[in-house]
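Asker: Please read through the structure below; I'll follow up with questions.
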Amino acid sequence: MFFGHLIDGEEVPSVDGATFDVWNPWTQEVFAQAAEGGPEDAARAVASARTAFDDGPWPRLGRAERADAIHRLADVMEQHADELATLDTTNMGKPLAQSRHDVARSVWNFRFFADHQRDHCGEVYPMDSGHHSFSEYGPAGVVAAISPWNFPLMMATWKIAPAIAWGNTCVIKPSEDTPASVTLLGRLAVEAGLPNGVINVLNGHGTPAGSSLVSDERVDRVTFTGSSVTGRHVMAAAAAHLAPVSLELGGKGANIVFDDADIDNAVHWAVESIFRNSGQVCLAGSRLFVGSGIYDEFMSRFVAAAEALTIGDPFDPDTKFSTLASKRHFDKVASYVDGVGPDGGTVLTGGVDDQGRWLVKPTIITGLPLNAAAYCEEIFGPVCVVNRFDSEEEVVALANDTRYGLNAMLFTENLSRAHRVASRLRAGTVWVNCFFIRDLRTPFGGVGDSGVGREGGNFSREFFTEPKAVVMQIQR
Ligand code: NAD
């Protein structure tokens, strides 16, 4: 199997013919090759998007026509849903049911933003001076989008969909770990009849493919999802040519379970929030705080639920939990788990697999000091660090004591407390008595090291357009 670049409607190898291995982390085998993009490939992809924007039909289509074209792409994705899900499961090892869910959400990303731009209204500003003003939201130009490997298709479409819906053209660079599904999406865009150059796919590593892409002066917007470290490089590169950036970065989500929580519900979401996708979720509930009054009961149920997850082949329908996405990532997660004992913590359940797989079992840790690496840093794996607390004041301070601020969860049956604590948590999203539920109209993004800017609904409109004020004299 080969995954090339999709440039100007054609799948092409790299200019110099370079390729890299694409892995199946469950079988630990190379199952494909992908084109290794270099500066020249990045330049070609940007040139294709530039021409499609400057001279092509896409930015000039009517809103309904553009929405129809995007819905056609969504239809074609639905026809190829099995292939897309199979590629994500093969390429990063998530259970097939979860990949199917990601494909459905990816389709929804396109449908939502197609309709959102079709139906949007600008603003009118009546003025006392005999004028009125109104706003227009025109496309920004060429969008460079860089995505990570944990939700390969979903994260890419979260960027591509609003970008093209608002009339931009784009170049997406998927992670070098997961080029498969995004390359297929590029092929499907051609099949769906999108004009050439509207969606270009550039494969390759962060450097040089990604860095060349975001440094290109012909790029008008940079949208990036990945680690906080890389986000800093991306922002600096974009700043050199003054391209606005949207950065969705790492997290270390606090999950707070108060004494009055519905325990069944809280245990269910505690498991989902840290073990789904093997914990490779920016929004993971990786720091769990449990009220002293229910600590013992909650923990025995949480540990039992973690141990009940069926671990295995991601293509087996019974599997709920599987491998980490790569050897490199496995080594990283395993090193955090190995450091727990020396740092004074206790592994209540889980630990590193001893069968040679790139797998860390659902792991629950207690007793870590607040400055331990596994407590403070984003592990991005199925590792939950747990603390108990006695008061609301104490737990809010603990939850906010982090450089990250992507999300938090709280579980309580006390409505006043839910409101009070939600508004005091320093996070881009707070879930009360639930997790992972999204309305695509709401702002999504993070505080501090978790990101810059927000996307979703009108927040995506602000980022992917050049809002314009038109001031008109209406009385002489
Ligand atoms: P990463 O930062 O290593 O890579 C992300 C992407 O950036 C990849 O496509 C990579 O090739 C590219 N890249 C690397 N160096 C680059 C450079 N100098 N210039 C341009 N592009 C470059 O992150 P990852 O390991 O792929 O993903 C995991 C991280 O992503 C975690 O920190 C996770 O929390 C975060 N994440 C955040 C969100 C969110 O919405 N906030 C969602 C998913 C993942």
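The values are calculated or read from the model by the stated rules, or taken from the named source; none is laboratory data. Here the structure is a predicted model, which means the values were calculated and not measured. Because the Cβ atoms are built from the backbone with ideal geometry, glycine has one as well, and the counts that use them run over all protein chains shown.
Asker: Show me the strands (runs of 3 or more DSSP E) found entirely inside region 121-173 where at least 3 residues are within 17 Å of Leu213 (Cα to Cα).
Answerer: In region 121-173, the matching strands (runs of 3 or more DSSP E) lie at 142-146, 169-173.
Asker: Could you list, in sequence order, all residues of region 379-407 that are closer than 28 Å to Val360 by Cβ and polar (S, T, N, Q)?
Answerer: Asn387, Asn400, Thr402, Asn407
This table checks each residue for (1) away from the ligand (no atom under 16 Å from the Cβ); (2) under 21 Å from the mean Cα position of the chain (by Cα); (3) modelled with pLDDT of 95 or more; (4) within 29 Å of Thr230 (Cβ to Cβ).
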{"site": "Ser106", "(1), (2), (3), (4)": "no, yes, yes, yes"}
{"site": "Cys121", "(1), (2), (3), (4)": "yes, no, no, no"}
{"site": "Gly130", "(1), (2), (3), (4)": "yes, no, no, no"}
{"site": "Tyr137", "(1), (2), (3), (4)": "yes, no, yes, no"}
{"site": "Met154", "(1), (2), (3), (4)": "no, yes, yes, yes"}
{"site": "Ile160", "(1), (2), (3), (4)": "no, yes, yes, yes"}
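Asker: Here is a further query. When you go through (1) buried (at least 22 other Cβ atoms within 10 Å of the Cβ); (2) within 8 Å of the ligand (Cβ to nearest atom); (3) part of a helix (DSSP H, G or I) one by one for Gly251, which number turns out not to apply?
Answerer: Checking Gly251 against (1) buried (at least 22 other Cβ atoms within 10 Å of the Cβ); (2) within 8 Å of the ligand (Cβ to nearest atom); (3) part of a helix (DSSP H, G or I), the one that fails is (3).
Asker: Going residue by residue through region 296-308, is there one that turns out to be under 25 Å from the mean Cα position of the chain (by Cα), more than 11 Å from the ligand (Cβ to nearest atom) and buried (at least 17 other Cβ atoms within 10 Å of the Cβ)?
Answerer: yes
Asker: For region 218-229, state whether one or more residues are near the ligand (Cβ under 8 Å from one of its atoms), closer than 23 Å to Ala47 by Cβ and part of a strand (DSSP E or B).
Answerer: Yes, region 218-229 contains at least one residue that is near the ligand (Cβ under 8 Å from one of its atoms), closer than 23 Å to Ala47 by Cβ and part of a strand (DSSP E or B).
Asker: Exactly one condition in (1) free of Cβ contacts under 8 Å to residues at least 60 places away in the same chain; (2) within 16 Å of the ligand (Cβ to nearest atom) is not met by Ala325; state its number.
Answerer: The failed condition is (1).
Asker: Looking at (1) among the hydrophobic types (A, V, I, L, M, F, W, C); (2) surrounded by 20 or more Cβ atoms within 10 Å (Cβ to Cβ); (3) within 26 Å of Phe444 (Cβ to Cβ), which is the only condition Ala97 fails?
Answerer: Here Ala97 meets the rest and fails (2).
Asker: When you look at Ile164, is it at pLDDT 95 or above and either under 20 Å from Gly250 (Cα atoms) or within 14 Å of the ligand (Cβ to nearest atom) (or both), yes or no?
Answerer: So Ile164 fails the test.
Asker: Test Thr169 against the criterion of being β-branched (Val, Ile, Thr), farther than 20 Å from Phe2 by Cβ and within 14 Å of the ligand (Cβ to nearest atom), and give yes or no.
Answerer: no
Asker: Based on this model, can you work out whether Ala408 counts as surrounded by 18 or more Cβ atoms within 10 Å (Cβ to Cβ), within 19 Å of the chain's Cα centre (by Cα) and either in contact (Cβ under 8 Å) with a residue 24 or more places away in the chain or away from the ligand (no atom under 16 Å from the Cβ) (or both)?
Answerer: In short, yes.
Asker: Enumerate the strands (runs of 3 or more DSSP E) found wholly within region 1-82, keeping only those where 3 or more residues are touching a residue at least 40 places away in the same chain (Cβ under 8 Å).
Answerer: Where strands (runs of 3 or more DSSP E) fall fully within region 1-82 and carry at least 3 residues being touching a residue at least 40 places away in the same chain (Cβ under 8 Å), they are 5-7, 19-24, 29-35.
Asker: Something else about it: Considering only residues of region 258-270 that are closer than 26 Å to Phe151 by Cβ, touching a residue at least 40 places away in the same chain (Cβ under 8 Å) and buried (at least 17 other Cβ atoms within 10 Å of the Cβ), which is farthest from the ligand (Cβ to nearest atom)?
Answerer: Filtering first and then ranking leaves Ala266.
Let's see how each residue does on (1) of a type in the set (Val, Ile, Thr); (2) near the ligand (Cβ under 8 Å from one of its atoms); (3) in a helix (DSSP H, G or I); (4) surrounded by fewer than 24 Cβ atoms within 10 Å (Cβ to Cβ):
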{"residue": "Leu184", "(1), (2), (3), (4)": "no, no, yes, yes"}
{"residue": "Leu194", "(1), (2), (3), (4)": "no, no, no, yes"}
{"residue": "Gly197", "(1), (2), (3), (4)": "no, no, no, no"}
{"residue": "Gly204", "(1), (2), (3), (4)": "no, yes, no, no"}
{"residue": "Ala209", "(1), (2), (3), (4)": "no, yes, yes, no"}
{"residue": "Met235", "(1), (2), (3), (4)": "no, no, yes, yes"}
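Asker: Within region 322-340, does at least one residue satisfy the condition of being buried (at least 19 other Cβ atoms within 10 Å of the Cβ), closer than 18 Å to Trp269 by Cα and of a type outside the set (Lys, Arg)?
Answerer: Checking region 322-340: not a single residue is buried (at least 19 other Cβ atoms within 10 Å of the Cβ), closer than 18 Å to Trp269 by Cα and of a type outside the set (Lys, Arg).
Asker: Moving on to the next point. The conditions are (1) within 26 Å of Glu83 (Cα to Cα); (2) in contact with a helix residue (DSSP H, G or I) (Cβ under 6 Å, 6 or more places away or on another chain); (3) buried (at least 20 other Cβ atoms within 10 Å of the Cβ), and Val22 fails exactly one of them. Which is it?
Answerer: Answer for Val22: the failing condition is (2).
Asker: Scan region 297-323 residue by residue and report those that are under 9 Å from Pro95 (Cα atoms) and either modelled with pLDDT under 95 or not in a loop (DSSP other than H, G, I, E, B) (or both).
Answerer: Phe321
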